[in-house]
Protein chains: 2
Amino acid sequence: MENYGVGKVIDSTHPEFKSGDLVWGMSGWEEYTLVYQPESLIKINHTELPLSYYTGVLGMTGLTAYAGVMEVGRPKRGDFVFVSAASGAVGQVAGQLAKIAGCYVVGSAGSDEKVDLLKTKFGFDDAFNYKSETDFAAALKRCLPDGIDIYFDNVGGATLDAALLHMRHGGRVVVCGMISQYNLEEPDGLRNMLCIIPKAVRVEGFNVAGYFHMYSRFEEEMARYIKEGKIAVVEDVVEGIESAPVALVGLFSGRNLGKQLVALARE
Amino acid sequence: MENYGVGKVIDSTHPEFKSGDLVWGMSGWEEYTLVYQPESLIKINHTELPLSYYTGVLGMTGLTAYAGVMEVGRPKRGDFVFVSAASGAVGQVAGQLAKIAGCYVVGSAGSDEKVDLLKTKFGFDDAFNYKSETDFAAALKRCLPDGIDIYFDNVGGATLDAALLHMRHGGRVVVCGMISQYNLEEPDGLRNMLCIIPKAVRVEGFNVAGYFHMYSRFEEEMARYIKEGKIAVVEDVVEGIESAPVALVGLFSGRNLGKQLVALARE
């Protein structure tokens, strides 16, 4: 099993990597790992920032949020943006990028603690706990009475269906993930796609694989935002490989607060 | 009740329209009609072509097909294109425009006569009668074994759901209409939207209202295609206002063959 991680090069016969280099990319869940495709690794330039950021805000999840918001969502100043699973690794960055782009940003999350984090730490204009709302559509209308220009979807299912009805003309649904659907025997049926015709709504699926060509630009821009305090980061770190299974399963019940990391070794 | 029609100006106090001008646009279902918003009318430039074309291929439905294929679908040479309700007013033009753009085009329709029309008259590369297929997904796979780059959707529902599963990476679903859904108490649930994430598929609703700014360019281009024989036209004309109700209802059962017109008067 492999996943995104950070590490230090111990030894290398590849001309672009030398002993001591810090890198991020796909690696094993282990303290020492043998990398057969070093081309898939990316060198870490901003070593003045926490290394763990390269597993999240400066790595794959940050690039995912950046590509989704900037390239797929294409925000305009004043746009109304809704982000689901907003305190998660991708959602927290997506919402903050939309704020930087001058949008009004609302997030949903699954606990009052997460909602509080969205409003106080990540600068969302508004947020709600979907688990304590009896009517999700009503919550959307309360927080975004004029509708949604960009919906950054991390959950799919009933949330996506409700958001579709509430999209504004020319709106964009950035379909990044559908965490509510992954473990179902049969996915929920979406009933509101019809409304994308009169409202000329674009629903676009994407994944980070298509955006690695813009990594350098992204890394510099994101590192600057972090240093300027425009992007805040919250990570949920568990210690040791023995904690990994519980942490992994917890993603599906929303146990984690921010990017879920497993620390195997530290500098 | 108003609809798109063609007519001759009898009298006008509007500076841009004079007696004798031929125009198309929204008008009453009547032999003589009083137009309160002449700004909504468009003058007919190509009077050498059949006037009825301005209710279809040179009018609203033609512009719909043009905008959907060229602006939303953005075809590339060699793309695999699937059009549902392909012998209908919009479908027949959409498929032929995709052919002009160098695509491989497959259509579905609801009778063998329509399928024959698609292959012989409209130049589709392949076509099938969805009513005689036991497995729609299998028919798609047979006709488009390498998948779909552009699906021009006129029907929605189960057809859209099957097409979603068969999209290629980076594919585009041009959502123009969902005729299968308009008369349902509750729309069918779409279960395959999940696959737009790994395949980075764009599903975009649109309507012609957003594209009238390109009408002049469209009119010239389409008139040229018609004269060059690159776009064929099939119309289904019923005579007299007394035939209108049956013709209208017939749209939902697929009775019509090509653009459904009601002739109230002739030049």
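The values are calculated or read from the model by the stated rules, or taken from the named source; none is laboratory data. As the structure is a prediction and not an experimental result, all values here were calculated from the model. When we count neighbours, we look across all protein chains shown, and the Cβ atoms used for this are built from the backbone with ideal geometry, even at glycine. The area values use the complete protein model at the heavy-atom level, side chains included, leaving out ligands, DNA and RNA. Shrake-Rupley method; radii C 1.70, N 1.55, O 1.52, S 1.80 Å.
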Share of accessible surface on carbon and sulfur in region A:83-147, whole %, 1.4 Å probe and ligands ignored, is 47
Residue-normalised value, i.e. accessible area per residue, for chain B at 1.4 Å probe, in Å², stands at 46
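Loop-only trypsin sites (Lys or Arg not before Pro) in region B:54-136, please: DSSP not H, G, I, E or B, and at most 14 other Cβ atoms within 10 Å. It would help to have the intermediate numbers written out before the result.
Details: sites: B:LYS76, B:ARG77, B:LYS99, B:LYS114, B:LYS119, B:LYS121, B:LYS131; in loops: B:LYS76, B:ARG77, B:LYS121.
For trypsin sites (Lys or Arg not before Pro) across region B:54-136 that sit outside H, G, I, E and B with at most 14 neighbouring Cβ atoms in 10 Å, the list reads B:LYS76, B:ARG77.
Could you work out the mean count of beta carbons from other protein chains within 10 Å of each residue's beta carbon in A:181-192? Walk me through the numbers on the way to the answer.
Working: counts 3, 1, 0, 2, 0, 2, 7, 5, 9, 9, 7, 3.
Mean shielding count: 4.
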What a careful reader reports for the chain A Cβ nearest the rotation axis onto chain B, distance rounded to whole angstrom, is A:GLY189, 1
Yeah, region B:1-44 with a ≥ b ≥ c from its alpha-carbon gyration tensor (a/c under 1.5 is rounded, else prolate when a/b outruns b/c, oblate otherwise) is prolate
For region A:19-81, the percent of accessible surface on carbon and sulfur atoms (probe 1.4 angstrom, ligands and nucleic acids excluded) is 53
Largest-first ranking of A:ILE196, B:ILE10 by accessible area, probe 1.4 Å, whole protein assembly kept, is B:ILE10, A:ILE196
Expressed as a whole number, the average count of other chain Cβ atoms within 10 Å around the Cβ atoms of A:205-216 is 3
Trypsin sites (Lys or Arg not before Pro) in region A:180-267 lying in a DSSP loop, each with at most 15 other Cβ atoms within 10 Å of its Cβ, come to A:LYS230, A:ARG255, A:ARG266
Rg/Rh over Cα atoms for the protein assembly as shown, Kirkwood Rh, comes to 1.05
Measuring from its Cα centre, region A:1-118 shows a charge dipole (+1 at each Lys and Arg Cβ, -1 at each Asp and Glu Cβ) which, in debye to the nearest 20, is 540
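Which value, in debye to the nearest 20, describes the size of the charge dipole of region B:1-44 about its Cα centre when Lys and Arg Cβ atoms bear +1, Asp and Glu Cβ atoms bear -1, and nothing else is charged? List each step's numbers first, then the result.
Values: 3 positive and 7 negative charges, 31 e Å.
I would put it at about 140 debye.
Rounded, prolate or oblate: which fits region A:61-208, taking a ≥ b ≥ c as square roots of the Cα gyration tensor eigenvalues, rounded meaning a/c under 1.5, else prolate when a/b beats b/c? Mind dumping the intermediate values first?
On the way: a/c = 1.21, a/b = 1.09, b/c = 1.12.
Rounded, because the longest to shortest axis ratio a/c is under 1.5.
Would region B:48-115 count as rounded, prolate or oblate if I go by the C-alpha gyration tensor, calling it rounded below 1.5 in a/c and otherwise prolate when a/b exceeds b/c, oblate otherwise? Please list the in-between numbers first.
Working: a/c = 2.09, a/b = 1.20, b/c = 1.73.
Oblate, since a/c reaches 1.5 and b/c is not below a/b.
How big is the B-A contact in terms of buried accessible area, both chains counted, 1.4 Å probe, rounded to the nearest 100 Å²?
On the way: alone 13440 and 13450 Å², together 24720 Å².
The buried area between B and A, both sides summed, comes to about 2200 Å².
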